[in-house]
Amino acid sequence: MLRSLERGIEGGKWFALMDKVYRIANLQSAFNQVWSNGGSAGIDGQSVKAFEAQEEQQLQQLSQELKSGTNRPRAVKRVWIPKAGSNEKRALGIPVVRDRVVQTALRNVIEPIFERDFAEQSYGFRPRRGTKDALRRVQELLNQAHHWVVDADIKGYFDSINHRQLMAKVGTKISDGRVLELIESYLKVGVMEQCKGWEASEQGTPQGGVISPLLANIYLDKLDWIISNAGMQMVRYADDCVPRAQRAERARLGATAQPMREGPSEPAYRSRFQTAFGGCEQKSWS
């Protein structure tokens, strides 16, 4: 995909991307991915199986809407699910199936553009990477005597992303106005919750949205490089990150730096450093 996109680079930015998004072959591939993932219906009640029953017609319609600029995303259905390891619940956003198809088609096109420049220490929601890879890297760093750890908590990350700043980061690599408008439309589409009605989305990306993890990685890429340039190693999986250092002074440097405080609605992250080696159980992950 990236090789075919490179014909559309001008001034270090990619343009003329929308025609790649609405190609039937791309939309077909996107629906296959949505079908494989399954999932519940959104606010319109249409299931993946119901979409599949009219697959060709649905994909043709989506292609025409994207080509003509008439595609309008529907509000995301908000449901509450148990939070792992806690009695609390977290919000999950469920887009309608047709929006999941478009978001997947969009991700197919723009992910390679950003993926090639992401920091090595980022493992969450990236192609050919996963939790076991992150755990192996943690083990490697322990074996290399990186025993000082900064336990960083990015509070309410997905719900707190500043739309303006996120779009500015996306705009550093993409200049296709229609693609930028499509991305922003998914950020601002709003949510619907039973008994509460529609609610505007002033900030954040809905957890459960197909494109949300990629946008989250784009937003945090600067943090990855700041930590790396400070001489620390870090393993990050989405909004969970563990910067590590061989000396306490380096760990304190990472703990006191607050690169995410760029604006009043940026997610703050609080850090505390601890000597983790003594209480860390050594394991091997294969």
>> How much accessible area per residue does segment 172-220 have, counting only protein heavy atoms and a probe of 1.4 Å, in square angstrom?
In response: 44 Å²
>> Bin width 5 Å, origin at 0, all Cα-Cα pairs of segment 74-189: what percent of pairs per bin?
In response: 2, 7, 13, 17, 20, 17, 12, 7, 4, 1, 0
>> What distance in nm lies between label points placed 7 Å from Cα along the C-beta direction at S185 and Q60?
In response: 2.1 nm
> Assuming R0 = 30 Å, what is the FRET efficiency of R72 and I9, from their Cβ-Cβ distance, to the nearest 0.05?
Replying inline: 0.50
>> Can you classify segment 1-118 as rounded, prolate or oblate using the Cα gyration tensor, where a ≥ b ≥ c are the square roots of its eigenvalues, rounded means a/c under 1.5, and otherwise it's prolate if a/b beats b/c and oblate if not?
In response: oblate
> Name the GluC sites (Glu not before Pro) in segment 185-215 that are in a loop by DSSP and that have at most 16 other C-beta atoms within 10 Å, would you?
Replying inline: E202
> Which of the residue pairs K169/K222; K83/K222; K83/K169; K173/K222 have a Cα-Cα distance greater than 18 Å in the structure shown?
Replying inline: K83/K222; K83/K169
> Hey, any idea what % of segment 1-147's accessible area is carbon plus sulfur with a 1.4 Å probe?
Replying inline: 47 percent
> Fully extended, how many nm does the chain gain between V79 and Q33 (0.36 nm per residue separation, minus their Cα-Cα distance)?
Replying inline: 14.3 nm
>> Just to confirm a number: summing +1 for Lys and Arg and -1 for Asp and Glu over residues other than I94 whose beta-carbon lies under 12 angstrom from that of I94, what do you get?
In response: +1
>> What FRET efficiency comes out for D159 versus C195 if R0 is 30 angstrom and r is the Cβ-Cβ distance? Round to the nearest 0.05.
In response: 0.90
> How high is the FRET efficiency from E140 to T172, r the C-beta distance, R0 35 Å, rounded to 0.05?
Replying inline: 0.65
> How much net charge surrounds H163 when only the other residues with a Cβ under 9 Å from the Cβ of H163 are counted, with Lys and Arg +1 and Asp and Glu -1?
Replying inline: 0
> Between A25 and W225, what is the spin-label point distance in nm, taking each point 7 Å from the Cα along the Cα→C-beta axis?
Replying inline: 3.3 nm
> What does the accessible area per residue of segment 76-168 come to in Å², with a 1.4 Å probe and no ligands, DNA or RNA counted?
Replying inline: 46 Å²
>> Per-residue counts of other Cβ atoms within 10 Å, averaged by peptide: what ranking do you get for 93-103, 19-29, highest first?
In response: 93-103, 19-29
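The values are calculated or read from the model by the stated rules, or taken from the named source; none is laboratory data. Nothing here was measured: the structure is a model prediction, and the numbers come from that model. Cβ atoms come from the backbone with ideal geometry, glycine included; neighbour counts cover every protein chain shown. The accessibility values were calculated without ligands, DNA or RNA, using every heavy atom of the protein model including side chains. Shrake-Rupley method; radii C 1.70, N 1.55, O 1.52, S 1.80 Å.
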